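The values are calculated or read from the model by the stated rules, or taken from the named source; none is laboratory data. It should be emphasised that the depicted structure is a prediction, and the values quoted were computed from it without experimental measurement. Neighbour counts are summed over all protein chains in view; Cβ atoms, including those assigned to glycine, are modelled from backbone coordinates with ideal geometry.
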Amino acid sequence: MKIKSFLFTIIPVITLISACSDPTASFIYECGNCEIGDTVQFTSTSTGAETFDWDFGDGNISVEENPLHIYYFLGTFNIQLTVSNKNGSDVANGSVTIKGPSGRLIDTIVYCPGIEDNLLGDSPYRNVSIYLPPGYESSDKHYPVVYLLHGYLGDNRLWFGKGYADVNLKPVMDYLINNKTIHPMILVSPDSENRFGGSWYINSASSGNWEDFIVQDVVQFIDNHYRTIPNSESRGIAGHSMGGYGTILIAMKNSDIFSSAYALSSYGLVFEPPSSSYLSGLYQEISDAGDITDFDGLSFDAKLHLSHLVAMAPNSSSLPFYCDYLMSPQGEIVPGVWQKMMVYDPYTSILTYQENLLELTAIKLDCGNLDDNTYGNSHFANKLATIGIENAFESYAGDHTNKLEERMKLKVLPFFSAHLVHDDQ
């Protein structure tokens, strides 16, 4: 009897101690890829708990012991589990990172017959980067397309993490699409860098037909190989610096191909004749060149000047750079060459292409207030206003490149999402 009494006495004491202890909160969770729409299994590993209060960090709560939860947004969410019994409560904190389905970046090559046999020796087989939105492979949807033009000395990789402005639009697009900030779209970035650093997206008898490369070859290739919506209402064009110049020039001439245009920090929207003193310094360098390979040793300004001339004033018999010179050996500006260049002045072309410009669904320009191109951009927009296109220009605090990815995320991509026609429309 003593033994039974001992056991009887001990058991109630153990039970009493357990009942009086404070709870300890802890939990674990499991999910597949932890992507938007995945079910996350939360499991309490708490001890001594009688009630469970979950805060999933996205505005949702649960009082179940082991709840299931689905996240519908990207981000890292702070989880809080509060457990309690009649003696007290305890809190455990943790976090879960929810990713989104990822888009796909493809690098391919597009042939441009208009660049074949150009005098600069550039290949007609051009690199093109293509971003396909999340869900492209698993659906039969058709998508609008935004064509992205790079700046001088850039190439197709500028927009995807390998350019001078530290821009990578793949994670930006994944984020915006998964959070439903923008509609899914295809992005296309062609390489238009030539032997002289940039084609200026102009058809030239010396350097090749770079406008045709964008407007005909690339557009046709993308429409033939990917599920696009193959009409102007679902095509946009954007570019930075030289690419902004190309965006404006191509959009005003090809409103049957593109319906919306956004030009960032555009270079050269208003042509002004350079001073003789400025040109004389450049032509001292240029006149010493005896071969096209001497281009590589020129200053940046001399290279930029020659890239303009070979695009706008080509001359196959003028060696070594296959272009007419704007300054004569006597140190005077050559009027005929300046007139050739003025054909490609966007500002004076507004009236020429007024009807096309008015056919565009939307056109926007922006430029940092510390950028030397601000005057040209705002002046061009003021000229647009005279034909009925109002509020086309926006200035922001910044320079030529420092906010390029931010502007793409906050302004450019939402602009095209709003103005291009989508499959579900």
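Here Cys367 fulfils each of the conditions (1) over 32 Å from the mean Cα position of the chain (by Cα); (2) closer than 30 Å to Val219 by Cβ apart from (1).
For region 353-373, the set of residues classified as surrounded by fewer than 18 Cβ atoms within 10 Å (Cβ to Cβ) and polar (S, T, N, Q) consists of Gln354, Asn356, Thr361, Asn369, listed by residue number.
Of the residues making up region 109-121, none is within 30 Å of Tyr175 (Cα to Cα) and modelled with pLDDT under 95. For region 330-352, a tally of residues being acidic (Asp, Glu) and either loosely packed, with under 13 Cβ neighbours inside 10 Å or on the phi > 0 side of the Ramachandran plot (or both) returns 1. In this structure, Tyr325 qualifies as surrounded by 13 or more Cβ atoms within 10 Å (Cβ to Cβ), more than 29 Å from Leu370 (Cα to Cα), at pLDDT 95 or above and not assigned by TED's automatic domain parsing to the domain that holds Gly154.
Taking the criterion of being within 31 Å of the chain's Cα centre (by Cα) and surrounded by 17 or more Cβ atoms within 10 Å (Cβ to Cβ), the residues of region 301-322 that qualify are Ala302, Lys303, Leu304, His305, Leu306, Ser307, His308, Leu309, Val310, Ala311, Met312.
Out of curiosity, is Leu298 closer than 21 Å to Trp200 by Cβ, in contact with a strand residue (DSSP E or B) (Cβ under 9 Å, 6 or more places away or on another chain) and buried (at least 17 other Cβ atoms within 10 Å of the Cβ)? When the stated conditions are applied, Leu298 does not pass them. Restrict the check to region 344-355 and report whether at least one residue is closer than 30 Å to Gly290 by Cβ and assigned to a loop (DSSP other than H, G, I, E, B). Looking through region 344-355, at least one residue is closer than 30 Å to Gly290 by Cβ and assigned to a loop (DSSP other than H, G, I, E, B). Is it the case that some residue within region 281-300 is over 36 Å from the mean Cα position of the chain (by Cα), closer than 27 Å to His379 by Cβ and not assigned by TED's automatic domain parsing to the domain that holds Thr386? The answer is yes; a qualifying residue exists. The residue pairs whose first member lies in region 85-99 and is closer than 10 Å to Thr24 by Cα, whose second member is of a type in the set (A, V, I, L, M), and whose beta carbons are closer than 6 Å, counting only pairs six or more residues apart or on different chains, are Asp90/Ala25; Asp90/Val83; Val91/Ala25; Ala92/Ala25; Ala92/Leu81.
Evaluating Asn402 against the criteria (1) modelled with pLDDT of 95 or more; (2) surrounded by 14 or more Cβ atoms within 10 Å (Cβ to Cβ) leaves one unmet condition, (1). Check region 127-149 and report whether any residue there is assigned to a strand (DSSP E or B), over 25 Å from Asn178 (Cα atoms) and touching an Asp or Glu at 6+ places or on another chain (Cβ under 6 Å). Within region 127-149, one or more residues are assigned to a strand (DSSP E or B), over 25 Å from Asn178 (Cα atoms) and touching an Asp or Glu at 6+ places or on another chain (Cβ under 6 Å). I need the full set of residues from region 378-395 which are in contact (Cβ under 8 Å) with a residue 24 or more places away in the chain and either buried (at least 17 other Cβ atoms within 10 Å of the Cβ) or not assigned by TED's automatic domain parsing to the domain that holds Trp159 (or both), in order please. Selection gives Phe380, Lys383, Leu384, Ile389, Ala392, Phe393.
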